[in-house]
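The next block holds one structure in the form of structure tokens; read it before the comments.
The values are calculated or read from the model by the stated rules, or taken from the named source; none is laboratory data. For clarity, every value in this text was computed on a predicted model and none was experimentally measured. Note that each Cβ is placed from the backbone with ideal geometry, even for glycine, and that neighbours are counted across all protein chains shown. Note: accessible area is taken over every heavy atom of the protein model, side chains too, but ligands, DNA and RNA are not part of it. Shrake-Rupley method; radii C 1.70, N 1.55, O 1.52, S 1.80 Å.
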Amino acid sequence: MVTVSVIIAAYRAEETLDRAIGSLQAQTMPDWEAIIIDDASDDGTYDFALRLAESDHRIRVFQLQENGGPSVARNFGIQNAIGQWIAVLDVDDRFTSSRLQHLLSAVQSAPCDVLFDNIASVTSSLESLFLPYWPGWRDKPLIISITEMIRGCSGIVNPAYGILKPFIRRSFLLEKGIGYSPALRQGEDVHFHLTMMLSGAVTKRLSSIGYLYTQPEKGNISHASQNNISHRLKSTQMIKSVWWRSLSLPQKFWLMVRLNNMKYIDQYAGFKDEMVSGHYLSAMALAINTPWVLFKAMLLLVQRLRKHDFLY
């Protein structure tokens with residue numbers, strides 16, 4: 001048995017897979033395995049992954065016959081993992097060289113089921129400046145509450161907690177029978193994180209940066225598609241349908257904020273455009289016709305004025 005199994009779902013990833021694997025091979029903690037799951041790519045991803053595996057016995061490669069999306073691929077990887085801990089690495093991202101060492105030290109000194117560390121974004125033009133997504137984590141409690149997680153995924157917090165990458169005790173997943181929902185291709189991370197926490201996972205944080213997210217170049221950034229929004233909405237509805245009765249009032253509040261944020265995302269975007277353009281009457285008309293737009297604007301204003309988090 002190895003200490004950490006790193007799950008890498010790969011689709012059309014022959015250009016970025018080497019960089020992701022390179023960040024594992026640079027780890028100060030060498031006791032890991034990488035499980036690459038080629039999600040029925042139609043390029044050279046699978047063959048390239050096999051070549052990587054030939055040069056490093058810690059790399060195992062699988063290929064799915066049909067494209068199932070990241071949830072299906074990650075579940076396959078988790079099912080075939082042998083590590084005591086599970087880490088998730090997106091194929092276009094990477095770990096800092098000491099990430100696994102820091103995560104293991106943290107869970108040894110303060111045991112938990114799930115651990116999140118901070119994230120920084122990098123681009124091809126700026127590789128040296130690593131700024132944490134959540135600098136305020138230094139002053140937060142060690143344990144991440146369910147309320148904080150739901151609020152962090154509500155659409156009010158930026159960056160959203162949905163992009164966090166978990167470090168998970170594999171025995172917890174096996175005991176609870178938890179995996180990613182195969183019905184989701186977007187919003188699967190939020191659904192997975194909340195399902196673990198609502199199932200009793202002791203969840204903690206590290207304020208240090210361990211995960212490097214590859215920021216798309218400005219010319220490659222696109223707005224979320226309607227399909228992506230529908231999957232995120234579906235993931236929220238799934239949490240609501242299963243867990244609503246067990247949620248506290250603040251948790252219900254923030255879950256409904258996320259739900260409405262998905263439902264009325266286009267209306268709020270239109271409101272923002274009108275405000276930026278100085279078309280205040282048109283903006284107010286949108287707010288009157290869709291009260292959620294005004295409510296979200298007020299939530300954001302209150303948070304900005306208070307300059308710190310609320311309703312934790």
Self-check item: Residues in the stretch 58-79 that a label on L50 would reach, taking backbone N under 15 Å of a point 7 Å out along Cα→Cβ
Solution: 60-65
Quiz item: In deg cm²/dmol, rounded to 500, what helix-only [θ] at 222 nm does the chain give when every DSSP H run of at least 4 residues adds -39500 (n - 2.57) and the total is split over its residues?
Solution: -13500 deg cm²/dmol
Self-check item: Candidate lysines for bridging to K272, where Cα separation is under 18 Å - those fewer than 8 sequence places away on the same chain excluded
Solution: K263, K296
Practice problem: Could you tell me whether the stretch 1-159 comes out rounded, prolate or oblate from its Cα gyration tensor? Rule is a ≥ b ≥ c as square roots of the eigenvalues, rounded for a/c under 1.5, then prolate if a/b exceeds b/c, otherwise oblate. | Solution: prolate
Quiz item: Cross-link partners among lysines for K165, C-alpha distance below 20 Å, same-chain residues fewer than 8 apart left out?
Solution: K140, K176, K204
Quiz item: Computed over the Cα atoms of the chain, what is the convex hull's projected area averaged over all directions, in nm²?
Solution: 17.1
Quiz item: Within the chain, what is the longest stretch that has no GluC sites (Glu not before Pro) placed in a DSSP loop and near at most 12 other beta-carbon atoms within 10 Å?
Solution: 218-312
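Counting Lys +1, Arg +1, Asp -1, Glu -1, what net charge surrounds R58 among other residues with beta carbon under 13 Å of its beta carbon? Intermediate results must be reported in sequence, preceding the final value.
Working: positive: R60; negative: D31, E33, E54, D56.
Around R58, the surrounding residues sum to -3.
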Exercise. Choose one of F95, L206, Q65: the residue whose Cα lies farthest towards the positive end of the charge dipole of the chain (beta-carbon charges +1 Lys, Arg; -1 Asp, Glu; about the Cα centre).
Key: L206
Quiz item: Helix 249-263: angle to the longest alpha-carbon principal axis of the chain, degrees 0 to 90, nearest 10?
Solution: 90
Quiz item: Which order, highest average first, do 90-102, 275-287 follow once you tally other Cβ atoms within 10 Å for each residue and take the mean per peptide?
Solution: 90-102, 275-287
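Using a 1.4 angstrom probe on the protein heavy atoms only, line up R185, R12 by accessible area, largest first. Spell out each step's value before the answer.
On the way: R185 100, R12 135 Å².
Putting R185, R12 in descending order of accessible area: R12, R185.
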Quiz prompt | Difference of contour (0.36 nm per residue) and Cα-Cα distance, D43 to F130 | solution = 28.1 nm
Quiz item: Among I86, I156, I265, whose mean-square fluctuation peaks in a Gaussian network model of the chain (Cα, cutoff 10 Å)?
Solution: I265
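With a 1.4 Å probe and all protein chains left in place, how much accessible area per residue does the chain have, in Å²?
For the chain, the per-residue accessible area is 49 Å².
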Quiz prompt | Positive-end extreme of charge dipole, the chain - chosen from V157, A10, I82 (charges on Cβ) | solution = V157
